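Chemist: After the structure tokens below, expect a handful of questions from me.
The numbers here are math on the coordinates, done by the rules we state, and not lab data. Treat the numbers as computed from the prediction; the structure is a model and nothing was measured. Cβ atoms come from the backbone with ideal geometry, glycine included; neighbour counts cover every protein chain shown.
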Amino acid sequence: MSIAYSRDGRRLVSGSMDQTVRLWDVATQRELASWQGHAGGCLQVQFAPDGLSFASGGVDGELKLWNLQPKRSGSTSQPLPPKTRDAVLHPQRNWLSIATATATNQGYRVWSLPTFQELYRADGLTNADLSLKSIAHGRLVEWTGAVIQVRNITNGELSTTITSPDGEVVSVDLARDGTTMAVSAIDGITVWDIPSGRILRRWATLKSGQGRHIRITPDAAKVITLSSTAPRRRSIDSGAPAPCCLAGLTITSSSRRRRR
């Protein structure tokens, strides 16, 4: 399961294990379109920087590009390395990053677009999972069990280490500013300030986090989780429950205090 925002924050695309990909209007909470996506289920979705198309990857091993402007033509392509498991576009730098993984080796590549010139690469990473979302800020977020580490992609060194207070980490996402991180773990959800290593907000969800996917909204004010449990919404400031919106999505809101 996966969800992703368009760059302007107005639309959201979701992919799920029912083999569909769906396009949503965030303001009206209305489904705009749905398509039969991947045999066996959709694992990842990602908007292009211009918001006119999005990519999806699934259990079937296929990477598909969905054009939201049918009359648009022309594209640039690049063969992906074997065992590519994730891809993220970074419009701030005009970069594309990919993650590769086999049973014994995990790594990443960073390319400059549209030339696909390789800028950074690494293999043999020892952590079990990683997030590419902060690559544009020069960082790679990795985790094993409850321990999350931040790697400098320029020199490959690991720096910040954060330990989830809620057990094994399932999913991680970073806000566009690269400093706010949302973590979904087996026993809870936390929002962190990476530079200080401080928890900004925490919700306990005892033993209900298995398979729960998490995303931060572009303005870093809300956290959305996708799971099979009943949807809930909570204020980031107060933690108080509130009504839910999109079916199957949990929105954890709202006006988070900004750092000065």
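Chemist: What are the aspartates and glutamates whose alpha-carbon lies under 13 Å from the alpha-carbon of Lys207, with same-chain residues fewer than 8 places away excluded?
Modeler: Result set, ordered by chain and number: Asp166, Glu168, Asp187.
Chemist: Assuming 0.36 nm per residue, please report the length gained on full extension of the stretch Asp193 to Ala128 beyond their Cα-Cα distance.
Modeler: So the extension gain works out to 21.2 nm.
Chemist: Under unit Cβ charges (Lys, Arg +1; Asp, Glu -1), what dipole magnitude, rounded to 20 debye, does the range 171-222 have relative to its Cα centre?
Modeler: That gives the range 171-222 a dipole magnitude of about 160 debye.
Chemist: In addition: Give the peptides 148-159, 35-46 in descending order of average Cβ contacts within 10 Å, highest first.
Modeler: Values: 148-159: 14.9, 35-46: 18.4.
Order by mean packing, descending: 35-46, 148-159.
Chemist: May I ask you to list the aspartates and glutamates whose Cα is less than 15 Å away from that of Lys64, ignoring any residue fewer than eight positions away on the same chain?
Modeler: Straight-distance partners of Lys64: Asp86.
Chemist: Place a +1 charge on the Cβ of each Lys and Arg in the range 1-67 and a -1 charge on the Cβ of each Asp and Glu, then give the dipole magnitude about the Cα centre in debye, rounded to the nearest 20. Working shown, then result.
Modeler: Values: 6 positive and 7 negative charges, 34 e Å.
In debye, rounded to 20, the range 1-67 gives about 160.
Chemist: How far apart, in nanometres, would the label points at Val147 and Asp25 be if each is projected 7 angstrom from Cα along the Cα-to-Cβ direction?
Modeler: 4.9 nm
Chemist: By count of other Cβ within 10 Å, fewest leading, how are Glu142, Glu168, Glu118 ordered?
Modeler: Glu118, Glu168, Glu142
Chemist: Please list, or write none, the aspartates and glutamates whose alpha carbon is within less than 13 Å of the alpha carbon of Lys222, excluding same-chain residues fewer than 8 places away.
Modeler: Asp173, Asp237
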